[in-house]
Structure formats: C-alpha cells, structure tokens
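**Q** Please read through the structure below; I'll follow up with questions.
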Amino acid sequence: MSVKSDKWIKKMSINHKMIEPFEEKQVRKDVISFGLSSYGYDIRVSDEFRVFKNQSPDLLIDPKNPSDSFITIKDKFCIIPPHSFVLTQTVEYFRIPRNIITLCVGKSTYARCGILVNVTPFEPEWEGHATLAISNITPLPAKIYANEGIAQVLFFESDEICQISYKDKKGKYQKQTRITPAKL
C-alpha cells in the first residue's frame, strides 16, 4: 500500500471528480488552511452544524437506538460547549476509487486548542459528503469556523483491488448529502 501524492490527487479530482469542489492549491490567507497539500487534501467544515437540543444529565446517546437529540444551526461558525461535540459535514463531496482507502486526521491548529475531529476511513467506492464529529475536550467553549480547514484526508492505494467495496455491500452511509447521525 502506498500514499498518493498531490499530482495523483489533482489528476483524480479534475479528471474523475474524486473531490468536488476541488481547490488546486492550499488556501491559507486569513483562514485555517484547506485545499491540496503534498500528500493529502485539507477538507473544510460546512456551515451547517448539528448540536444537542439540551444538556440534560438524563440525555443518553445510544448508537443502537439513535434518537434525534440534535438541532440544526446554519452559521459562519459554531460554538461547541465544554466537554461536548457537534456533527457537521464536509464542504467537499467525495468519490473514492475501488483501489483506494483514506485516513482522515484533524488539523494541528484545532488540536492545539483541544478540538478533535473524528472521521472514519472513506472505504473503497464510498461516495458522499463526510459527516464529521468534532469534539471539544476542554472545560471552555470552543469555536470552529465554517468553510475553513478542519482535517486532512490521506489517500492510500492498495496493491490489489478489494473483493467487496462499500458500494457492493450497499453501505448505509453511501451517497449521503446531509449531516447523517448514527444509523443501525
């Protein structure tokens, strides 16, 4: 397995619409950077956020019995309460080739402020806007900015084509276009 370079990412994004919209260069002026980097792509946060309706101590989050405990906020930024998290999605829409898997890691600018990003790998032939879980591990409110960088996606090419892709198994998060909470 090998990591893919900026030349490969650019070619796949322009010729095969792997990333849309695609920013060919790293955008840095007055923003938390996003766009093409040496061996990855820095993704952006959308301007839509799913936050908890209330912070009741009786509230229980159960991935086997998901409830709609969120409200949607659309804004230029989002304030994450202390020791809490929000769901959002990427600005970018992805179409992952069958011989590629990705790994997504949070940007150090946010990590150094106690803001962590969790994204599962984009499996071979997964397609959609990625839903992001952004956690504030600090005892203080934390601010994240819409349409700016939040994490970097690294692309890995396998020596072999997988037998069963995400598309083949009809994955439950395939072609998501909205922030998608847990599904069973």
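Bear in mind these aren't lab numbers, they're just calculated from the coordinates by the rules spelled out. Not measured: the values here are computed from a predicted model. With ideal geometry, Cβ positions are generated from the backbone for all residues, glycine too; neighbour counts draw on all protein chains shown.
**Q** With springs only between Cα atoms under 10 Å, which of 135, 165, 46 fluctuates most in a Gaussian network model of the chain?
**A** 165
**Q** Please compute the net charge surrounding residue 43, taking Lys and Arg as +1 and Asp and Glu as -1 over other residues with Cβ under 13 Å from its Cβ.
**A** Once all neighbours under 13 Å are counted, the net charge is -3.
**Q** Taking the chain as a Gaussian network, where each spring joins two C-alpha atoms under 10 Å apart, which residue of 151, 142, 130 fluctuates the most?
**A** 142
**Q** State to the nearest 20 debye the size of the charge dipole of the chain about its Cα centre, where the only charges are +1 on K and R beta carbons and -1 on D and E beta carbons.
**A** 160
**Q** Kirkwood hydrodynamic radius, computed over distinct alpha-carbon pairs, for region 1-96: how many Å, to one decimal?
**A** Result for region 1-96 stands at 16.0 Å.
**Q** Using amide H atoms built 1.01 Å from N in the peptide plane, name the residues 5+ places from residue 47, or on other chains, whose amide H lies under 5 Å from its own.
**A** For residue 47, the qualifying residues are 147.
**Q** Can you tell me how region 105-157 classifies by the Cα gyration tensor, rounded, prolate or oblate, using a/c under 1.5 as the rounded cut?
**A** prolate
**Q** Moving to a separate point now. Give me the log10 of I(q) over I(0) for region 47-184 at q = 0.16, 0.20 Å⁻¹, as the Debye formula computes it from C-alpha points; what are the numbers?
**A** -0.89, -1.25
**Q** In a Gaussian network model over the chain where Cα atoms closer than 10 Å are linked, find which of 167, 29, 107 has the largest mean-square fluctuation.
**A** Looking only at 167, 29, 107, the largest GNM fluctuation is found for 29.
**Q** I would also like to ask the following. Around residue 114, which amide H atoms from residues at least 5 apart in sequence, or from another chain, sit under 5 Å from its own amide H, with H modelled in the peptide plane?
**A** none
**Q** Arranged by the count of other C-beta atoms within 10 angstrom, fewest first, what order do 68, 42 take?
**A** Least crowded to most crowded, the residues run 68, 42.
**Q** Between the helical axis of 6-16 and the dominant principal axis of the chain, each derived from Cα atoms, what acute angle in degrees is found, rounded to the nearest 10?
**A** Here the helix axis deviates by roughly 90 degrees.
**Q** Now a separate question. In what sequence do 95, 44, 50 fall when counting other Cβ within 10 Å, fewest first?
**A** Least to most surrounded, the residues fall as 95, 50, 44.
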